[in-house]
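Notes follow the structure.
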Amino acid sequence: MALTVAAAQQQILSANTCVCEAQTVPLRDALNRVCAVDVKSDLDVPPADNSAMDGFAVCAAQVTEVPCNVPVSQRIPAGTAPAPLETGTAARIFTGGEMPAAADAVIIQENCSWDDEQTVTLNKQPRAGDNVRPRGQDIHRGAVVAQQGQVLSSVDLSLLASVGVAEVAVYRRLRVAIFSTGDELVEPGQPLAAGQIYNSNRTALGAMCAVLGYEVVDCGIVEDTLESTKAALEVAAASADVVISSGGVSVGEEDHVRPAVQALGSLDLWKVQMKPGKPVAWGRIGNCAFLGLPGNPVSSVVVFQLLARPLLAALQGQAWQSPQALPIEAGFDKPEVSREEYIRARLQLDDSGRLRAQSFKNASSGVMSSLAWADGLIRQPIGQAITKGKAVEYLPMRGGVL
Ligand code: AMP
Ligand code: MG
């Protein structure tokens, strides 16, 4: 079946839902995990008006002229509960100190002078609200502070901590089994004989899964025979929620992934209209989802980014959105294409200081150094040419993933 990338992504998303149960974990174990519920705040943050600066808290309307001398009626460091402000006085207050009732402004200490702790000279006319952080300015009680499906970052966790949440329900980490097919493959660290190459896809796929927070079940290298491929698939499907393989999905004599999946479950072979990329095999073995990536290292990484990402996100219970493309000027020309192309690209400043997206000199799908060089991909839609100086859709990568 011939499909556009967007249509393939839509099919994947509509055919898969979360397979991971929720579990409650302390915040320190929730980093990069997917939130399983909407979390609402039980309180306002900050819980009371407080001072943004070191200075003197006053009632602005009572300061009718400056400079003026007023008694200092109390001292309010952060962490103490103040008494209401006595009329006609100022309160010494420090950053984070809770505003006393009846005070509505803080005059910063640089605009005050004092010789002892009893009186202060106010040298600047305050306005109500000056240097006060109002109650609830950050978060209102009842506000959603983390959403179901959201990947929890360090700052998301800090937000949860700020409303007093100590533990959060997250989905169990998705188990992703990966294996590499190919009789030519040897693991790094082993000597390389004639006709062999090192297995790089295993590392790429495992590391991308790790960056994305999935649990990897590494099933190693599988020989190019139907029996070994079936055996590997059975083991992988029994130990994971989803199996991702690389290589062996073409229709050649040495490609056994397709018939092996068909023998154990069901399979669709998609001709996704993308470059690098096709073919992509997609199916199911029992309850386990299956995605067969092409063997070419660049193709397997790019197809992982575009098709495995939505699949894994759906199974993990993670809200998935297409990566946001940035409009960036192209630094090169390229004729129109008949398949959607993902060009390995890098942002660079040209001689006149303009930000431009450049492409790698060699676009072969065997050249992994191109992806190592790139900091993003340019999406070139079908039927469109790229013109130097005109905007293209640049998709930034972080940690090697979109
Ligand atoms: P295949 O899809 O199995 O026909 O492989 C396509 C190309 O990718 C061949 O040149 C393979 O040698 C290469 N290849 C396949 N698997 C890997 C791998 N795990 N690591 C590096 N290169 C690979
Ligand atoms: Mg092969």
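Run the 1.4 Å probe and let me know the accessible area of Thr89, rounded to the nearest 10 Å².
Counting only protein heavy atoms, the figure is 20 Å².
In debye, nearest 20, what is the charge dipole magnitude of segment 50-133 about its Cα centre with +1 on Lys and Arg Cβ and -1 on Asp and Glu Cβ, if you could check?
The dipole magnitude comes to about 200 debye.
In whole Hz, with x marking every Gly and Pro, tabulate ³J(HN,Hα) for segment 17-30 from phi via Karplus 6.51 cos²θ - 1.76 cosθ + 1.60, θ = phi - 60°.
Once θ is set to phi - 60°, the couplings for segment 17-30 become 10, 4, 10, 9, 6, 7, 9, 9, 10, x, 3, 5, 9, 9 Hz.
Have a look at Ser299, Ser246, Ser41 and tell me which one the Gaussian network model of the chain (Cα, springs below 10 Å) gives the largest fluctuation.
Ser41
With charges only on Cβ, +1 for K and R and -1 for D and E, what is the dipole size of the chain about its Cα centre, in debye, rounded to 20?
Roughly 960 debye, rounded to the nearest 20.
If you add up the charges near Lys275, with Lys and Arg at +1 and Asp and Glu at -1, over every other residue whose beta carbon is less than 13 angstrom from its beta carbon, what do you get?
It works out to a net charge of +3.
Mind giving me the FRET efficiency for Ala161 and Ser266? R0 is 35 Å, r the Cβ-Cβ distance, nearest 0.05 is fine.
E between Ala161 and Ser266, to the nearest 0.05, is 0.15.
Tabulate in residue order the Karplus-calculated ³J(HN,Hα) for segment 178-185, using 6.51 cos²θ - 1.76 cosθ + 1.60 with θ = phi - 60°, rounded to whole Hz; enter x for Gly and Pro.
10, 9, 10, 9, x, 6, 7, 8
Peptides 273-281, 196-204: what's the order by average Cβ count within 10 Å, highest mean first?
With the highest mean Cβ count within 10 Å placed first, the list reads 273-281, 196-204.
Could you give the nm distance between label points at Val66 and Lys388, where each point is 7 Å from its Cα heading toward the beta carbon?
Result for the modelled spin labels: 5.9 nm.
So what's the gap between the Cα centers of segment 202-264 and segment 342-402, to the nearest angstrom?
Computed from Cα coordinates, the inter-centre distance equals 30 Å.
Modelled label-to-label distance, Asp116 and Leu347, 7 Å Cα→beta-carbon offset: nm?
Distance between label points: 6.1 nm.
Relative contact order (percent) for the chain, with alpha-carbon contacts under 8 angstrom and 6 or more residues of separation?
Answer for the chain is 16 percent.
Can you give the local net charge around Phe360? Use residues other than it whose beta-carbon is closer than 10 angstrom to its beta-carbon, Lys and Arg +1, Asp and Glu -1.
Net charge around Phe360: +3.
Would you kindly state how much longer the chain becomes between Ser154 and Glu223 on full extension, computed as 0.36 nm times their sequence separation minus their alpha carbon distance, in nm to one decimal?
The span from Ser154 to Glu223 would gain 20.7 nm if fully extended.
For segment 87-104, take each phi angle, set θ = phi - 60°, evaluate the Karplus expression 6.51 cos²θ - 1.76 cosθ + 1.60, and give the result in whole Hz per residue in order, putting x for glycine and proline.
4, x, 10, 10, 10, 5, 9, 10, 3, x, x, 6, 5, x, 4, 6, 9, 9
What shape does segment 50-133 take by its C-alpha gyration tensor, where a ≥ b ≥ c are the square roots of the eigenvalues and a/c under 1.5 counts as rounded, a/b above b/c as prolate, and the rest as oblate?
Rounded shape, in that the Cα axes give a/c under 1.5.
For Val5, what charge total do you get from the other residues with a beta carbon under 10 Å from its beta carbon, if Lys and Arg give +1 and Asp and Glu give -1?
Summing Lys/Arg as +1 and Asp/Glu as -1 gives +1.
Among Trp270, Val106, Cys35, whose Cα lies farthest out toward the positive end of the dipole of the chain, if unit charges sit on the beta carbon of Lys, Arg (+1) and Asp, Glu (-1)?
Trp270
Looking at the chain, what % of its DSSP beta bridges pair antiparallel, to the nearest 5?
Rounded to the nearest five, the antiparallel share is 65 percent.
The values are calculated or read from the model by the stated rules, or taken from the named source; none is laboratory data. If you're wondering where the values come from, they're calculated on a predicted model, not measured in any experiment. Positions of Cβ are backbone-derived with ideal geometry, glycine not excepted, and every protein chain shown enters the neighbour counts. For the accessible areas, the whole protein counts, side chains as well, though only heavy atoms, and no ligand, DNA or RNA atoms are used. Shrake-Rupley method; radii C 1.70, N 1.55, O 1.52, S 1.80 Å.
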